[in-house]
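**Student:** Before we start, here is the structure in question, set down as structure tokens.
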Amino acid sequence: TPLSQGGSEAALLRNAHHGVYDFDDALYAQLPGVLGKIYSRRRVWRRSVAAADTVIAGSDILADAASTHSQNVVMIPSCVEHTAYSVKSDFTRASAPTAVWIGSPATEPYLRIAEAGLLQAHLETGLRLKVISAGSAPLGELDRMVDRVAWTPQGFADELSSSDFGIMPLPDDEWTRGKCAYKLLQYGAAGLPVIGSAVGANRDAITKLRGIHVEGQDGWRDALVDLVRADPARLHTIGAESRQGTVDHFSFAAWAETWKRAVLSAS
């Protein structure tokens, strides 16, 4: 709560029979500007981590940060329920190739990281970009190739599987290095090939999903065009590997026992 400086959270955790603090963002990264001076997210995070009996962190980077304040940190990656997703099985195209991005209005600006490559791929191949979000703000030059789809809990999974591959561009800073690659896992659950910036947990997820790493802003055009021009059989193989990597490494079932041990260790 912004009404405390971590005291309320720490008290709840200390007074519990077994207090568990689970986080999957770089909450230790201070908020910018005036808000950061009024409300210290970092202080709330630090006091919560120190007060918890068990801390669950969503990536190795987050776990390392928490380990400076707690002796009982368990890394459990962000997970998906893969059975809830429609799985793409046919990569033949009857219309323009489509990359998909899913997220929130707050993270839509990250698409600018891949803007030059997306626009060049659009020019060369006719690539379209499906943006699944509650947002409606202009995306600058990208608007010429963007098709917006409103996110709904009933429809987002089908929208993913009707695309050709998923993208996750990120800038490289303290906040984004703490992100847990959830978009990539959603694409993988839908059986899509994935392309992502080699930042934070994206690195490990892309490797396990047999995807394509992109360093910085350079390389987006090549990665995008490579997948657009791949034959359907190759895309099907890559998508199947992406799906299997999600099931093996990032599904709730894969981490259920670890989670139970962490949460129920004092029962």
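**Student:** Being small (Gly, Ala, Ser), farther than 24 Å from ASP248 by Cα, open to solvent by 10 Å² or more (accessible area, probe 1.4 Å) and not in a loop (DSSP other than H, G, I, E, B) narrows it down to one residue among ALA137, ALA116; which is it? If you could, list the steps in order and put the result at the bottom.
**Tutor:** On the way: ALA137 fails: not in a loop (DSSP other than H, G, I, E, B).
The unique qualifying residue is ALA116.
**Student:** Something else: Out of all the residues in the stretch 173-185, which are open to solvent by 10 Å² or more (accessible area, probe 1.4 Å) and either among the aliphatic types (A, V, I, L, M) or farther than 14 Å from ALA99 by Cβ (or both)? Spell out how you get there, then give the answer.
**Tutor:** As a first pass, look at the stretch 173-185 and keep what is open to solvent by 10 Å² or more (accessible area, probe 1.4 Å): 173-175, 177, 179-180, 182-183.
Residues satisfying the conditions are ASP173, GLU174, TRP175, ARG177, LYS179, CYS180, TYR182.
**Student:** Now a separate question. Every residue in the stretch 12-32 that is over 20 Å from SER59 (Cβ atoms), in contact with a helix residue (DSSP H, G or I) (Cβ under 9 Å, 6 or more places away or on another chain) and either loosely packed, with under 14 Cβ neighbours inside 10 Å or not hydrophobic (A, V, I, L, M, F, W, C) (or both), please. Steps first, answer last, please.
**Tutor:** Of the residues in the stretch 12-32, the ones over 20 Å from SER59 (Cβ atoms) are 12-19, 31-32.
Narrowing further to those that are in contact with a helix residue (DSSP H, G or I) (Cβ under 9 Å, 6 or more places away or on another chain): 12-14, 18-19, 31.
Within the stretch 12-32, ARG14, HIS18, GLY19 meet the criteria.
**Student:** In the list LEU142, LEU123, which residue meets the criterion of being surrounded by fewer than 20 Cβ atoms within 10 Å (Cβ to Cβ), under 23 Å from ALA198 (Cβ atoms) and of a type in the set (A, V, I, L, M, F, W, C)? Give the derivation first.
**Tutor:** Values: LEU123 fails: under 23 Å from ALA198 (Cβ atoms).
After ruling out the rest, the residue left standing is LEU142.
**Student:** Which one of ARG234, ARG203 is open to solvent by 80 Å² or more (accessible area, probe 1.4 Å), farther than 13 Å from PHE165 by Cβ and without any contact (Cβ under 8 Å) to a residue 24 or more places away in the chain?
**Tutor:** Details: ARG234 fails: farther than 13 Å from PHE165 by Cβ.
Testing whether each residue is open to solvent by 80 Å² or more (accessible area, probe 1.4 Å), farther than 13 Å from PHE165 by Cβ and without any contact (Cβ under 8 Å) to a residue 24 or more places away in the chain leaves just ARG203.
**Student:** Examine the stretch 61-81 for a residue that is open to solvent by 70 Å² or more (accessible area, probe 1.4 Å), modelled with pLDDT of 95 or more and within 22 Å of SER162 (Cα to Cα), and state whether such a residue exists.
**Tutor:** Yes, the stretch 61-81 contains a residue that is open to solvent by 70 Å² or more (accessible area, probe 1.4 Å), modelled with pLDDT of 95 or more and within 22 Å of SER162 (Cα to Cα).
**Student:** Identify all residues within the stretch 178-194 that are farther than 18 Å from ALA254 by Cα and more than 11 Å from the chain's Cα centre (by Cα); write none if there are none.
**Tutor:** Listed by number, the residues that qualify are LEU192, PRO193, VAL194.
**Student:** Here's a follow-up. Does PRO97 meet the test of being open to solvent by less than 40 Å² (accessible area, probe 1.4 Å), over 21 Å from the mean Cα position of the chain (by Cα) and modelled with pLDDT of 95 or more?
**Tutor:** Numbers: open to solvent by less than 40 Å² (accessible area, probe 1.4 Å): yes; over 21 Å from the mean Cα position of the chain (by Cα): yes; modelled with pLDDT of 95 or more: yes.
So PRO97 fits the description; yes.
**Student:** Further question: Quick one: in the stretch 209-222, of everything that is closer than 19 Å to LEU160 by Cα and touching a residue at least 24 places away in the same chain (Cβ under 8 Å), which residue is surrounded by the fewest Cβ atoms within 10 Å (Cβ to Cβ)? So that I can check it myself, show each step before the final result.
**Tutor:** Within the stretch 209-222, the first condition is being closer than 19 Å to LEU160 by Cα, and the residues that meet it are 209-212.
So of that shortlist, the ones also touching a residue at least 24 places away in the same chain (Cβ under 8 Å) come out as 209-211.
On the way: LEU209: 29, ARG210: 17, GLY211: 28.
Here the answer is ARG210.
The values are calculated or read from the model by the stated rules, or taken from the named source; none is laboratory data. Just so you know, these numbers come straight off a predicted model, no measurement behind them. With ideal geometry, Cβ positions are generated from the backbone for all residues, glycine too; neighbour counts draw on all protein chains shown. Heavy atoms of the whole protein, side chains included, go into the accessibility calculation; ligands, DNA and RNA do not. Shrake-Rupley method; radii C 1.70, N 1.55, O 1.52, S 1.80 Å.
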